[in-house]
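To start, the structure under review is shown below, and the notes come after it.
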Amino acid sequence: EFLHATGAQVAGFPVVDASGLWRWPVHRMRHEFWRLRYEPYPTGYSLVSGTCAGGDATSASRVYRGELLRELVGELQPDAEDATGANLFVELDLLALKRRLPAYTCMHPPLHEDVYLDRAVLTRHLGEMHSVEVADFGAPPPEPEPEPTHDAPAPAAAAAVAGGRQIRCGTTEFRDAYNNAQVGRATRYCYRRHLQRVVQKLIAWWTGLDKERNVVLPKQGTLLTSLIRGGEFAVMPWEIDLEFVFASLGANPVLSACRSRSEDWELQADCVAEQVRRAVGGEEKVTVEDYLKPVPKLLHAKYGILSKVRVDVNDMIDIQFDELHDQPGSRQLYRVRLLGAEVNFYWHQWEYQFFQIYGGSLQKKVGTSGLVNKSEACGSDASHSACLRHRCLPAYAAMPDAGCVLEFPDWFAHTLT
């Protein structure tokens, strides 16, 4: 009767589980940037129609308009890994969410059912069909605030932390990340997680070799990320690669060790790559690509030195090994946090990068890498859930002269490690 009276498309009911515990089924869903999250609304629901409360999802016991159900079922495909059938309702939720159709929960004596979100699984089919690598099928309430101390104000209420997180990675190949960024999408969650973890391991290895003299200098776009694009916590959602100089204040221990093993430049370069390979583990591809060789080979041939050797890790991390011979106090080396670790930079390095290379522009250019200077975002008709869109945050949407650029309302799009 509710569907006929209101024009709503989906309606469900309150439920209790096998133990008799009340389970309010109205959930908010978020499906974007390779992630899916179900969570309770802070005050229960976001829509009201008569005696029915609405949101993005309802119980598994539900009623559809016949035409809509036939349309949705026509898009479903078998999922061999879904042993309980719970994913059927997740897929129906996703298809309705894509159409921006709310689901209502109507006041009715509670029905007994196994709550499908308790049994949902991030299967290969679900991940590939709906571009999901991380799924949170439920969220507990926020944790209580700690008691404030006398000399500190009470903190803001903590955000709910999703429980039962499931991660199932697709490819972590650079080519896939590059292709996503070139069409204006966020790169995969697992790609960025892998990129960040390898970088964290490399920074720890390099600085651990000599805590007093070894420094890590982000360069090019990585310097931008480190200083002003949230790099303390995560790389940008459209990140595809990172670039560094692993330098020493004086003799570089890796270059020195490899210089002493052979006079042949190719063997010296292979030695540098092997040092990095041992640091990151045998599963990572570490090479000195041909396009990285001309400058260090020229320095070796002309001056007989091993310097500025560049190593490529998995096609996504570029490391140049170098030595710094500044006079004490000639240039100040600043510290900045990147992915939880401390790295360094010179102000003149940033000044040149920002004003000379970027022309003093703070615009965010998705898909820009190396010599590719462009800015892509998905078109208004694009339907992929990882699409990045140029839009103002709500607070500035009515201010045409505010200078809006691509920004996110929270950290949901990021891979926090």
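The values are calculated or read from the model by the stated rules, or taken from the named source; none is laboratory data. Worth saying up front: this structure is predicted, and the values here are computed from it rather than measured. Quick reminder, even Gly has a Cβ in these numbers, built from the backbone with ideal geometry, and neighbours come from all protein chains shown. Side chains are part of the model used for accessible areas, which takes the heavy atoms of the whole protein and leaves out ligands, DNA and RNA. Shrake-Rupley method; radii C 1.70, N 1.55, O 1.52, S 1.80 Å.
Things worth noting here:
- Taken over the stretch 217-233, the criterion of being over 25 Å from SER385 (Cα atoms) and in a loop (DSSP other than H, G, I, E, B) is satisfied by LYS219, GLN220, GLU232.
- Residues satisfying the stated conditions in the stretch 100-114, i.e. touching a helix residue (DSSP H, G or I) at 6+ places or on another chain (Cβ under 9 Å) and at pLDDT 95 or above: LEU101, PRO102, ALA103, TYR104, CYS106
- Flag if VAL309 is within 27 Å of VAL235 (Cα to Cα), touching a Leu at 6+ places or on another chain (Cβ under 9 Å), without any contact (Cβ under 8 Å) to a residue 60 or more places away in the chain and hydrophobic (A, V, I, L, M, F, W, C): yes
Conditions (1) assigned to a helix (DSSP H, G or I); (2) under 20 Å from VAL343 (Cβ atoms); (3) open to solvent by 20 Å² or more (accessible area, probe 1.4 Å), marked per residue:
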residue: VAL235; (1), (2), (3): no, yes, no
residue: PHE244; (1), (2), (3): no, yes, no
residue: VAL276; (1), (2), (3): yes, yes, no
residue: GLY282; (1), (2), (3): no, no, yes
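- Close pairs (6 angstrom Cβ cut-off, 6 or more residues apart or separate chains): within 15 Å of THR105 (Cα to Cα) and touching a residue at least 24 places away in the same chain (Cβ under 8 Å) in the stretch 13-30, open to solvent by 50 Å² or more (accessible area, probe 1.4 Å) and of a type in the set (D, E, K, R) anywhere: VAL15/ARG23
- Test result for TYR64, open to solvent by less than 20 Å² (accessible area, probe 1.4 Å), at pLDDT 95 or above and among the aromatic types (Phe, Trp, Tyr): no
- Residue pairs meeting the criteria (Cβ under 6 Å; at least 6 apart or on separate chains; first of a type in the set (Ser, Thr, Tyr), in the stretch 116-140; second open to solvent by 10 Å² or more (accessible area, probe 1.4 Å) and outside any loop (DSSP other than H, G, I, E, B)): TYR116/PHE89
- Per the listing PRO14, PRO25, the residue uniquely under 24 Å from ILE167 (Cα atoms), modelled with pLDDT of 95 or more and out of contact with any His (no Cβ under 6 Å at 6 or more places or on another chain) is PRO25.
- The stretch 168-185, residues that are closer than 23 Å to ALA341 by Cβ and outside any helix (DSSP H, G or I): THR172
- Boolean, ALA60 is assigned to a loop (DSSP other than H, G, I, E, B), in contact with a strand residue (DSSP E or B) (Cβ under 8 Å, 6 or more places away or on another chain) and hydrophobic (A, V, I, L, M, F, W, C): yes
- When residues of the stretch 187-210 are limited to those that are more than 11 Å from THR415 (Cα to Cα) and either among the small types (Gly, Ala, Ser) or in contact with a Ser or Thr (Cβ under 6 Å, 6 or more places away or on another chain) (or both), the one most open to solvent (accessible area, probe 1.4 Å): ALA204
- Listed by first and then second residue, the pairs linking a residue in the stretch 178-207 that is closer than 16 Å to ASP312 by Cα and at pLDDT 95 or above to a residue that is of a type in the set (Asp, Glu) and open to solvent by 50 Å² or more (accessible area, probe 1.4 Å), with Cβ atoms under 9 Å apart and 6 or more places separating them unless they lie on different chains, are ILE203/GLU342.
- Residues that are of a type in the set (A, V, I, L, M, F, W, C), in contact with a Pro (Cβ under 9 Å, 6 or more places away or on another chain), part of a loop (DSSP other than H, G, I, E, B) and open to solvent by less than 40 Å² (accessible area, probe 1.4 Å) are absent from the stretch 9-19.
- Residue within the stretch 33-55 that is out of contact with any Asp or Glu (no Cβ under 6 Å at 6 or more places or on another chain) and basic (Lys, Arg) present: yes
- Failed criterion for HIS31 (all others in (1) of a type outside the set (A, V, I, L, M, F, W, C); (2) within 30 Å of ARG168 (Cα to Cα); (3) assigned to a loop (DSSP other than H, G, I, E, B) hold): (3)
- Any hit, the stretch 147-160, residues being modelled with pLDDT under 95, within 23 Å of TYR189 (Cα to Cα) and surrounded by fewer than 20 Cβ atoms within 10 Å (Cβ to Cβ): yes
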